[in-house]
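Q: Sharing a structure here in structure tokens format.
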Amino acid sequence: MRISELINDFEIFILTYNRIDYLKKSLSSAVNQSIKGLKITVLDNGSSDETEDYIKEIQTQNDNIIYIKEPINIGPFNIFLKAVSLASKKYVMIFHDDDILHPQYIEAALKIIERHSNIDLIYTKINSFIDETNVSLDTLDCVSYKIYEKQDFIKHIYINKGSSHLVFPCVIYKTKNLKAMVITETIESAGTIADMDMVVETLINGYGVFIENKMYNYRDHNHQESHVKKLYSSEIIANNLYFKEKLKHIFLGKLYFNIFSYYWFKNMYYYFGCYEDISLSELLKKGYEKQAVTKYTYLMSKFWGKFLIPFNHILKKFLQIERFKKQKIFLGGIDQ
């Protein structure tokens with residue numbers, strides 16, 4: 001299928017609430033993609049600022065922009081679900097008003113979809129920024145990517161937690177998979193860190209693609225939910241239980257679970273912190289009691305840790321070696 005046809009199979013939703021200054025940048029990044037004519041829906045979660053007036057003005061210049069406003073704020077998760085319910089194209093991207101797309105991200109994604117059949121999702125390496133002078137917008141001649149079958153994708157996400165750049169809003173989904181996603185009790189219990197679990201749930205029968213260039217600019221600021229709340233130990237435990245179940249069906253999955261559980265708990269503990277006043281060792285003990293980590297993982301934080309951790313680091317480095325050939329797609333010169 002040609003790119004000109006794929007454009008009609010793709011749409012973008014931007015979720016916004018009272019952040020008109022950020023929204024101007026995010027909407028501009030969607031409008032000014034190298035691929036033109038994309039359907040863009042701004043879904044307003046009940047803003048009380050000048051958002052509505054601004055969008056109406058922009059609509060006079062762009063007939064591909066749709067504006068839908070909730071009468072009251074229905075919460076971040078419900079506004080996301082509203083976007084999912086409204087999505088009608090074959091592929092959809094739902095991102096937030098504080099982030100900025102690289103101008104060639106959608107072009108890269110559509111060219112990958114054009115080349116490979118049965119793509120379920122695409123995500124990209126992110127560029128975290130505070131100062132907008134550090135936003136990644138440089139024109140690229142080509143992008144590198146890797147393509148994974150389902151089990152390889154699950155393993156890739158789990159062993160690269162903290163460095164996989166997987167943030168929920170940067171993902172491009174096959175819409176029917178997103179609509180079919182079931183939020184299980186385990187996923188719901190993971191709270192604000194359930195994004196990776198939910199992404200994995202949308203990979204059903206097709207392939208997952210990771211673009212290795214930084215094509216999504218993720219704004220790091222104090223009003224993000226990840227900055228204004230810590231995690232409950234139960235959320236960290238629930239997230240690891242989710243991946244424990246997924247890894248059961250993968251060759252050497254128990255080994256991956258043993259090795260990488262420790263780093264997942266450690267990363268979450270030190271990056272977010274816990275509401276409970278507990279040490280990492282106590283957190284791992286709670287995980288062990290809930291069968292979210294094995295005894296081996298729990299011992300990492302105890303006396304045996306000084307013997308196990310060096311050995312674990314060696315195994316970790318070996319298991320992180322990916323034996324997947326990088327592929328490239330060239331950008332520019334689009335025939336629309």
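Q: Would you calculate the separation in nanometres between label points at Leu315 and Lys302, each defined as 7 Å from the Cα along the Cα-to-beta-carbon direction?
A: 1.6
Q: Need one number: nm distance between label points at Ser117 and Gln61, each 7 Å from Cα along Cα→Cβ, rounded to one decimal.
A: Result for the modelled spin labels: 4.3 nm.
Q: On to the next question. Based on the alpha carbon coordinates of segment 105-228, what radius of gyration and maximum Cα-Cα distance (Dmax) apply, in Å?
A: 14.9, 44
Q: What is the extension gain from Lys176 to Asp21, computed as 0.36 nm multiplied by their sequence separation minus the C-alpha to C-alpha distance, in nm to one decimal?
A: On the way: separation 155, 0.36 × 155 = 55.80 nm, distance 3.26 nm.
Difference between extended and current length: 52.5 nm.
Q: Note down the Stokes-Einstein diffusion coefficient of segment 48-115 in µm²/s, whole number, using a Kirkwood radius over alpha carbon pairs, 10 °C, and 1.306 mPa s.
A: Values: Rh = 14.6 Å.
This corresponds to a translational diffusion coefficient of 109 µm²/s.
Q: Taking only C-alpha pairs under 8 Å that are 6+ residues apart, what is the relative contact order of the chain in percent? Write down the numbers at each step before the final one.
A: On the way: 556 pairs, mean separation 66.5, N = 336.
Worked out over the chain, it gives 20 percent.
Q: Here's another thing I want to ask about it. Could you give me D for segment 231-302, from Stokes-Einstein at 4 °C and 1.567 mPa s, where the hydrodynamic radius is the Kirkwood radius over C-alpha pairs? Units µm² s⁻¹, please.
A: It diffuses with D of about 108 µm²/s by this estimate.
Q: How about Lys286: which aspartates and glutamates have a C-alpha closer than 14 Å to its C-alpha, ignoring those fewer than 8 places off in the same chain?
A: Here the aspartates and glutamates satisfying the reach criterion relative to Lys286 are Glu235, Glu276, Asp277.
Q: For His249 and Val84 in one chain, what is 0.36 nm times their gap in residues minus the Cα-Cα distance, to one decimal in nm?
A: Answer, rounded to one decimal: 56.5 nm.
Q: A further question follows. Under 12 Å between alpha carbons, and skipping anything fewer than 8 positions from Lys82 in its own chain: which aspartates and glutamates qualify?
A: Asp44, Glu70
Q: Using only C-alpha atoms and all pairs of different ones, pull out the Kirkwood radius for the chain in Å with one decimal.
A: Numbers: mean 1/r = 0.0474 Å⁻¹.
Roughly 21.1 Å, rounded to one decimal.
Q: Tell me the label-point distance for the pair Ser281, Ile130, using the 7 Å Cα-to-Cβ offset, in nm and rounded to one decimal.
A: 3.3
Q: Given R₀ = 22 Å, FRET efficiency for Phe77-Ile204 by Cβ-Cβ distance, to 0.05? Don't jump to the answer; show the numbers that get you there.
A: Working: r = 22 Å, r/R0 = 0.98.
Using R0 = 22 Å, I get an efficiency of 0.55.
Q: Translational diffusion coefficient of segment 1-106 at 20 °C, 1.002 mPa s, Stokes-Einstein with Kirkwood Rh over Cα pairs, in µm²/s as a whole number. Could the numbers behind the result be given before it?
A: Values: Rh = 13.9 Å.
So the translational diffusion coefficient is about 154 µm²/s.
Q: Here's a follow-up. If R0 is 41 Å, what FRET efficiency do you get for Glu70 and Lys266 from their C-beta distance, rounded to 0.05? Present the calculation step by step, with values, prior to reporting the outcome.
A: On the way: r = 39 Å, r/R0 = 0.95.
Once rounded, the FRET efficiency stands at 0.55.
Q: Could you state the orientation-averaged shadow area of the convex hull built on the Cα atoms of segment 35-158, in nm² to one decimal?
A: Values: hull surface 40.6 nm².
Seen from a random direction, the Cα hull of segment 35-158 projects 10.2 nm² on average.
Q: Now, a different point. Subtracting the Cα-Cα distance from 0.36 nm times the residue separation, let me have the gained length for Glu50 to Glu188 in nm, one decimal.
A: Values: separation 138, 0.36 × 138 = 49.68 nm, distance 3.39 nm.
Between Glu50 and Glu188, full extension yields an extra 46.3 nm.
Q: Once you've got the Cα coordinates, tell me which of Lys161/Lys326; Lys230/Lys285; Lys161/Lys316; Lys25/Lys179; Lys214/Lys254 are over 22 Å apart. Working shown, then result.
A: On the way: Lys161/Lys326 20 Å; Lys230/Lys285 19 Å; Lys161/Lys316 12 Å; Lys25/Lys179 28 Å; Lys214/Lys254 32 Å.
Cα-Cα > 22 Å for Lys25/Lys179; Lys214/Lys254; rest within.
Q: Most mobile of Gln33, Gln151, Gln291 per a Gaussian network model of the chain (Cα springs, under 10 Å)?
A: For the chain, modelled as a Gaussian network with Cα springs under 10 Å, the answer is Gln291.
Q: List the residue ranges in the chain for DSSP H helices whose C-alpha atoms run 18 angstrom or more along the long axis and whose Kyte-Doolittle average is -1.0 or above.
A: Working: long enough: 233-247 (21 Å, -0.23); 253-271 (26 Å, -0.32); 305-319 (20 Å, 0.56).
The qualifying helices are 233-247, 253-271, 305-319.
None of the figures in this text is laboratory data; all of them are computed from the coordinates on show. Quick caveat: nothing in here was measured; it's all calculated off a predicted structure. Positions of Cβ are generated from backbone atoms using ideal geometry, with glycine treated the same way; all protein chains shown enter the neighbour counts.
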